[in-house]
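Just so you know, all these numbers are worked out from the coordinates, no wet-lab data involved. A quick note: this is a predicted structure, and the numbers were derived from the prediction, not measured. Cβ atoms come from the backbone with ideal geometry, glycine included; neighbour counts cover every protein chain shown.
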Amino acid sequence: MTVNSKYLVIRNPLGSGLHQEGKRLTKQRLKVLNLFENIGPGNHLSAEEVHGKLIASNSKVSLATIYRTLRLLVEMGLLNERELREGGHRYELLSNDFPDHHHLICIRCGRTEEFESHKVIEEGAIAAKSLGFKLIESSLNVKAICPNCL
């Protein structure tokens, strides 16, 4: 039995979300999401790094398409975008397993490493409660210079 892909029901979050919005699940969109799923949560890539990795795997995709796709995946809640003060952006796969995490960001090269700190989460919860807020998530960005840039 053959199934015409034109009528195939998409069951992954990207396909379902796009279908609900009347948009297509293109090969390029799927390749970008698959790249992030393969490297896993906690790994941060710039648009240029995504483009380079896809080109290295013989995928034909323009940098402009990468930027549009990353923006769409962020809007759909599948990726998280971190904006660096120096104008760079890094993207990571969102994970329900690690909603509260923190980043060390090199101010020279943009290298980003995650770390966990229960103390930061606790202090965020205390601050939120004392000011009448409800804490949704905790995220701390620490600007530093990595060993390679020293």
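Quick notes on this one:
- Relative contact order of the stretch 99-150, defined on C-alpha pairs under 8 angstrom at six or more residues apart (%): 51
- Karplus 3J(HN,Hα) series, Hz, for the stretch 131-142 with 6.51 cos²θ - 1.76 cosθ + 1.60 (x for Gly, Pro): 9, x, 8, 9, 5, 9, 7, 10, 8, 10, 10, 10
- Rounded to the nearest whole Hz, the Karplus-based 3J(HN,Hα) values (6.51 cos²θ - 1.76 cosθ + 1.60, θ = phi - 60°) of the stretch 60-76 follow the sequence 9, 8, 7, 5, 4, 5, 4, 4, 5, 5, 4, 4, 5, 5, 5, 4, 7, with x at glycine and proline.
- Between E49 and L135, the FRET efficiency from the beta-carbon distance, with R0 = 30 Å, is close to 0.40.
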